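The structure under discussion appears below in the form of structure tokens.
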Amino acid sequence: MDHFRDPHNMGSIKDPDGVGEVGNPSCGDIMKLYIKVGKNEAGKEKISDISFETMGCAAAIATSSMITDMALGKTLAEAIEITNQNIAEKLDGLPPTKMHCSNLAADALKKAIADYKSKNK
Amino acid sequence: MSRQDAPPIYLDHAATTPVDPEVFATMKPYFTEHYGNPASIHTVGQKAIIAVDEAREQVADFLGCKTGEIIFTSGATESNNFVLKGVLAAAKIQKPHIITSTIEHPCILDTCQHLEKRGVEVTYLPVDKEGVLNTKSVQEAIKENTVLVTIIYANNEIGTIQPIAEIGEIIKKANQERKNKIIFHTDAVQAIQYLDCNVKKLGVDLLSLSGHKFYGPKGVGVLFVKEGTLIEKIQHGGHQEYNKRAGTLNVPGIVGLGKATELTSKNRVADSKKQQKLRDLLINSILKNIPDSHLNGSNKHRLPNNANIRFDKIEGESIMLHLDFEGIAVSTGSACTSGTLEPSHVLLAIGVAKEQAHGSIRFTLGKDTSEADIKKVLEVLPPIVKKLRQMSPLK
């Protein structure tokens, strides 16, 4: 619930390296993730900054906030492995009707990473 | 979930109402003291039947009908199922036809869809932007095989009031030249507290009510069945309720519902006036102070306690939950709560776009709502909307 009331990493990033948008307004949920990509000590690409903008129900907002916390600092290879199940577990579970919201978050992150990769081939 | 210690500000009276203390006091003895079965002939049973008879008189007085025309049920969902299934079971024609509207309660719409699968023909009449049915469209929809017209008196989401008496006139005229008479039903669940429910004035053959929407208990309702109306029972068993609805009567519930109708007819005018004033304050202040907010439904043909407002570019459930954190209970017709992604069928029926329908909040006031309650909403709502809009990718 804290991730809904006071979500982390809210807003957009100026000049993001990757953006992933999923959902559509007519079904009531739309989520946009922004990422900045840097390098870690081992020289691997990692998520150095991340933020979200979401219009949606409480679960959509909470999962958005949670995935930004989970992905920050992870390598792209690690971040892409985050599943909707992981996010739901971190939030201590979501009701079955809300699982699609956590799908949105995982999909948005994958899209943002894909967007970054397509720009940096 | 942390909440403030103050009692909640309850603005969801269309969902349910608290039992009035006077109603509760009337019900109490019928749990442990006068627990008899009203179908029993002995003295213990007779205490119960006397109480049921009295409640039946209270309801009959309220609706302006005979006591023999009141059937107690478990609530409006049962009453409405009874209407649709019972009228069809009694109809003696090949492919019966029902006329209803696109903004009925799900217990009508869902039952109609169920019946359609069994070969019944259903016409869902559209409503205009305010949610009002064109009476002419009812006239035009009547066919040779029409057996039933069922129209909600006042809508549960947007509070729009339908011209039931006018429709009653149309059906009465149509019936003069017909062999198979059309039966007219209205779901008056939301209307009961605020509108005239005299069945003769409305010209209805059937009318549904639910106890818990007007400070009575849950689990009890009424179906008014005009004498001579062709309807078959759908619940079989004993001979209760003039052999129309089997099952031991919910005595405390019925006693409570009876008392609630009595209180409602006493307080209706004053309560309506008071709530409408506060409701107007709420609507006008929100529309004035929160940009891109709009009233759903009609200004004029509206229940005095209903405000349904949509906020562009944000989602209703989030607004509802933030209000809940502030101790304010409202409701949303939003899809997320019902487990589907479809927004409210009522808002879509009045032409609200899907993306806008998701951002709607329903406030329904009650007899104990105070000006301080409304002021509190007006204080906490704007920052909530602002915050959610900042978070929204739609700018």
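Quick one: what do you get for the stretch B:352-395 if you divide its Cα Rg by 2.2 N^0.38 Å?
Against the empirical 2.2 N^0.38 Å value, I get 1.47 for the stretch B:352-395.
What's the angle, to the nearest 10 degrees (0 to 90), between helix B:76-90's Cα axis and the longest principal axis of chain B?
Between helix and principal axis, roughly 50 degrees.
How large is the convex hull of the C-alpha atoms of the stretch B:21-263 per residue, in Å³?
115
With each pseudo-label sitting 7 Å past Cα toward Cβ, what's the B:K143-B:K172 distance in nm, one decimal?
With each label point 7 Å from Cα toward Cβ, the separation is 2.7 nm.
How much FRET efficiency would the formula 1/(1 + (r/R0)^6) give for B:Q390 and B:D110, where r is the Cβ-Cβ distance and R0 is 35 Å, rounded to 0.05?
0.35
Would you mind calculating the gained length between A:D2 and A:K117 on full extension (0.36 nm times residue separation, minus the Cα-Cα distance), in nm to one decimal?
Between A:D2 and A:K117, full extension yields an extra 38.1 nm.
Of the DSSP beta bridges with both residues in the protein assembly as shown, give the percent that are antiparallel, rounding to the nearest 5.
Given both bridge residues lie in the protein assembly as shown, the antiparallel proportion sits at roughly 65 percent.
For the stretch B:277-319, run through the trypsin sites (Lys or Arg not before Pro) and keep only the ones in DSSP coil with at most 12 other Cβ atoms within 10 Å of their Cβ.
Filter output for the stretch B:277-319: B:K300.
What do you get when you divide the Cα radius of gyration of the stretch B:1-151 by 2.2 N^0.38 Å, with N the number of residues?
1.42
When the C-alpha atoms of the protein assembly as shown are aligned to their principal axes, what extent does each axis show, in angstrom, from largest down?
Principal extents (Cα only, largest first): 89, 52, 45 Å.
For B:K92, go through the lysines and keep the ones whose alpha-carbon is under 24 Å away, minus same-chain ones fewer than eight residues off.
Hits, sequence-local ones excluded: B:K117, B:K143, B:K172, B:K173, B:K179, B:K181, B:K226, B:K233, B:K244.
Taking the Cα atoms of the stretch B:36-113, what is the range of coordinates along each of the three principal axes, in descending order and whole Å?
The Cα atoms of the stretch B:36-113 stretch 49, 26, 21 Å along the principal axes, largest first.
Compute the relative contact order of the stretch B:21-263 as a whole-number percentage, counting only Cα pairs closer than 8 Å that sit 6 or more residues apart in sequence.
RCO, the stretch B:21-263: 28 percent.
Order these by the 10 Å Cβ neighbour count, fewest first: B:T150, B:T264.
B:T264, B:T150
What GluC sites (Glu not before Pro) in the stretch B:152-260 are in a loop by DSSP, with at most 14 other Cβ atoms within 10 Å of the Cβ?
B:E177, B:E227, B:E232
Just add up the charged neighbours of B:K201: K/R +1, D/E -1, any other residue whose Cβ is under 14 Å from the Cβ of B:K201.
Charge balance in the 14 Å sphere: -1.
Can you show me the helix-derived [θ] at 222 nm for chain B, built from DSSP H runs with n ≥ 4 at -39,500 (n - 2.57) apiece and divided by the number of residues, rounded to the nearest 500.
-13000 deg cm²/dmol
What is the sum of charges around B:L115, taking Lys and Arg as +1, Asp and Glu as -1, for the other residues whose C-beta is under 12 Å from the C-beta of B:L115?
Result for the local shell: +1.
Using θ = phi - 60° and the Karplus relation 6.51 cos²θ - 1.76 cosθ + 1.60, list the HN-Hα couplings for the stretch B:236-245 in order, rounded to whole Hz, with x at every Gly or Pro.
9, x, x, 9, 4, 6, 6, 6, 10, 8
Where Lys and Arg each count +1 and Asp and Glu each count -1, what net charge lies around B:P217 among other residues with Cβ under 14 Å from its Cβ?
+2
Taking a label point 7 Å from the Cα of B:K136 along the Cα→Cβ vector, which residues of the stretch B:171-209 have an amide N closer than 17 Å to it?
So the set is B:171.
In whole angstrom, how far apart do the alpha carbon centroids of the stretch A:56-88 and the stretch B:95-126 sit?
Distance between centres, Cα-based: 44 Å.
Please compute the volume of the convex hull spanned by the alpha-carbon atoms of the stretch A:1-87 and report it per residue in Å³.
94
How much length is gained if the chain between B:Q94 and B:E227 is pulled fully straight, taking 0.36 nm per residue apart and subtracting their Cα-Cα distance, in nm to one decimal?
Roughly 45.4 nm would be gained on extension.
What's the angle, to the nearest 10 degrees (0 to 90), between helix B:106-116's Cα axis and the longest principal axis of chain B?
The angle comes out at about 60 degrees.
For B:R56, B:R118, B:R268, B:R245, which order do you get if you count the other beta carbons within 10 Å of each Cβ and list the fewest first?
By the 10 Å Cβ count, ascending: B:R118, B:R268, B:R56, B:R245.
Roughly what angle does helix A:99-119 make with the longest principal axis of chain A, taking Cα atoms, 0 to 90 degrees, to the nearest 10?
That helix lies at roughly 20 degrees to the long axis.
Output needed: Cys residues of chain A lacking any neighbouring Cys C-beta below 4.7 Å, sorted by number.
A:C27, A:C101, each lacking another Cys Cβ under 4.7 Å.
With the cut-off at 20 Å, report for the stretch B:172-325 the share of all Cα pairs above it, as a whole percent.
Counting pairs separated by more than 20 Å, the tail of P(r) holds 65 percent.
To the nearest 0.05, how large is the calculated FRET efficiency for B:D196 and B:A25 if R₀ is 35 Å and r is the Cβ-Cβ distance?
Once the sixth-power term is evaluated, E becomes 0.80.
Can you tell which of B:V189, B:V330, B:V377 shows the greatest fluctuation in a Gaussian network model of chain B with Cα springs below 10 Å?
Comparing B:V189, B:V330, B:V377 in the GNM, the peak value goes to B:V377.
Of the residues B:G216, B:G247, B:G131, which exhibits the maximal mean-square fluctuation in a Gaussian network model of chain B defined by a 10 Å Cα contact cut-off?
B:G247
Bear in mind that the values in this text are calculations on the coordinates, not laboratory data. Remember, predicted model here, so these are calculated numbers, not experimental data. A quick note on method: Cβ atoms are made from the backbone with ideal geometry, for glycine too, and the neighbour counts reach across all protein chains shown.
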